[in-house]
Amino acid sequence: MSAPRADQRVRETLRNQRIELPSWAFGNSGTRFKVFAQPGVPRDPFEKIADAAQVQRYTGIAPLVSLHIPWDTVEDYGKLAEHAAALGVSIGVINSNTFQDDDYRLGSVCHPDPAVRRKAIEHLKDCLRIMAATGSDALKLWFADGINYPGQDDLTDRQRRLADALDEVYDALTGEQRILLEYKLFEPAFYATDVPDWGTAYAHTLRLGPKAKVVVDTGHHAPHTNIEFIVAFLIAQGKLGAFDFNSRFYADDDLMVGAADPFQLFRIMNEIVLADAVTPDSGIGFMLDQCHNIEPKIQAQIRSVLNVQEATAKALLVDRDALALAQREGDVLGANAILMDAYNTDVRPLLADLRVEMGLDPDPVAAYRRSGYLEKVIDERTGGVAAGWGA
Ligand SMILES: [Mn+2]
């Protein structure tokens, strides 16, 4: 392929990339020690979507917003979807929450008491109804279920309860609806988690069928886990449903994606490019799952989208023919150098130029800061209660 045509293909792919934003990134958040309130924070889901629309306005590749139920509960979901459409965005994945009621002290769908399990399953079915009302086609399941002490509960029985709950929700799916099952190594449970790893999530989604796939939250692994291997494996099995992007130094830090380890993000996006899965026709969702505790929220979301875009652009620049040849010939260092050449390329001029082609400002962060949006909402959003965890 000639160089100009290769460049056009790279630009076309980047133009069609889609990153989904989490509504909760725009509300107040914190650690278990303190939530630092920020001025101008949204007071309801309508204002969260307005803030998300700012990210789309300056990046052009973030037109979807994930909701979290019950944090984003509204009277009229049709009205919320219309509000989103009027601002140029739409509702993406619905995130369920079976971890914030006192009833869930010993778990939700794995709880030893069938009445609590029933309550959790009914919440998940309510989320399916919200999906129908908002136009969302995916339900994300993350269970905080697990135990803190050996002997506290029966590990195998808990897996059986989990399978029963998943079966019931799967059977309730209609039309294009699908399930995304997320795993997490530990926390809040410290001894054993019921969906701790990709293998457990894979086994359950495989048993359920084609409408169930795995979510890879990049912060939910043990240190030094080779996440791109998991990504490559799940894609090859047709079981990669979505990403929850964020980055971590220690545990589930929920920092900006690509902040702690941009090379890891590049390696992940390299597997995505290899599988020709960057654009929405792959069926794979690329969502952010982040909380901005001390940094300005909208600006941090813009930065995060750009971090994914830059990693993708670098992965698209890998000379695939040369790499394949080096691999076939067993040229260990040559193959590695070809990959590193792409990683070390400064793609910022290419992306600035692409944005101008797309009718956007070449520098989204600067354009957002110049817009005065934050100052405007700080003035407007007086009274009421700022949104945050549990609100
Ligand atoms: Mn997540």
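The values are calculated or read from the model by the stated rules, or taken from the named source; none is laboratory data. This structure is a prediction, so every number in the text was calculated from the model and none was measured. All Cβ positions, even for glycine, are placed from backbone atoms using ideal geometry, and neighbour counts span all protein chains on display.
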Any chance you could count how many residues in the range 51-83 are more than 11 Å from residue 21 (Cβ to Cβ) and among the aliphatic types (A, V, I, L, M)? 4
Kindly indicate whether any position in the range 238-248 is over 23 Å from residue 144 (Cα atoms), away from the ligand (no atom under 16 Å from the Cβ) and modelled with pLDDT of 95 or more. yes
May I ask you to verify whether residue 285 is within 16 Å of the ligand (Cβ to nearest atom) and within 19 Å of residue 25 (Cα to Cα)? yes
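For the range 259-269, check the following and say yes or no: at least one residue is within 13 Å of the ligand (Cβ to nearest atom) and within 23 Å of residue 213 (Cα to Cα). Break it down stepwise before answering.
Keep residues of the range 259-269 that are within 13 Å of the ligand (Cβ to nearest atom), which gives none.
For the range 259-269, residues within 13 Å of the ligand (Cβ to nearest atom) and within 23 Å of residue 213 (Cα to Cα): absent.
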Read through the list (1) surrounded by fewer than 20 Cβ atoms within 10 Å (Cβ to Cβ); (2) more than 27 Å from residue 67 (Cβ to Cβ); (3) hydrophobic (A, V, I, L, M, F, W, C), then give the number of the only condition that residue 132 fails. (2)
Quick one: in the range 232-251, which of the residues that are touching a residue at least 60 places away in the same chain (Cβ under 8 Å) and of a type outside the set (A, V, I, L, M, F, W, C) is surrounded by the fewest Cβ atoms within 10 Å (Cβ to Cβ)? 241
Could you count how many residues in the range 345-357 are surrounded by 13 or more Cβ atoms within 10 Å (Cβ to Cβ) and in a loop (DSSP other than H, G, I, E, B)? 2
Of residues in the range 280-303 being in a loop (DSSP other than H, G, I, E, B) and under 15 Å from the mean Cα position of the chain (by Cα), the one farthest from residue 138 (Cα to Cα): 292
Would you please name the residue that is surrounded by the fewest Cβ atoms within 10 Å (Cβ to Cβ), looking only at residues in the range 183-202 that are over 19 Å from residue 154 (Cα atoms) and away from the ligand (no atom under 16 Å from the Cβ)? 199
Within the range 204-226, count every residue that is surrounded by 21 or more Cβ atoms within 10 Å (Cβ to Cβ), within 16 Å of the ligand (Cβ to nearest atom) and within 25 Å of residue 190 (Cβ to Cβ). 7
Being of a type in the set (A, V, I, L, M, F, W, C) and either in a strand (DSSP E or B) or in contact with a Phe, Trp or Tyr (Cβ under 9 Å, 6 or more places away or on another chain) (or both), is that true of even one residue in the range 318-335? yes
Under the condition of being charged (D, E, K, R) and in contact (Cβ under 8 Å) with a residue 24 or more places away in the chain, which residue from the range 120-156 is nearest to the ligand (Cβ to nearest atom)? 140
Kindly provide the set of residues from the range 316-344 that are touching a residue at least 40 places away in the same chain (Cβ under 8 Å) and either more than 32 Å from the chain's Cα centre (by Cα) or closer than 19 Å to residue 355 by Cβ (or both), ordered by number. 316, 317
I need every pair where a residue in the range 252-278 that is touching a residue at least 24 places away in the same chain (Cβ under 8 Å) and over 18 Å from residue 224 (Cβ atoms) has its Cβ under 9 Å from the Cβ of a residue that is assigned to a loop (DSSP other than H, G, I, E, B) and small (Gly, Ala, Ser), sequence separation at least 6 or different chains. 254/29; 254/219; 277/283
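Being surrounded by 15 or more Cβ atoms within 10 Å (Cβ to Cβ), within 30 Å of residue 360 (Cα to Cα), hydroxyl-bearing (Ser, Thr, Tyr) and at pLDDT 95 or above: is that true of residue 98 here?
In short, no.
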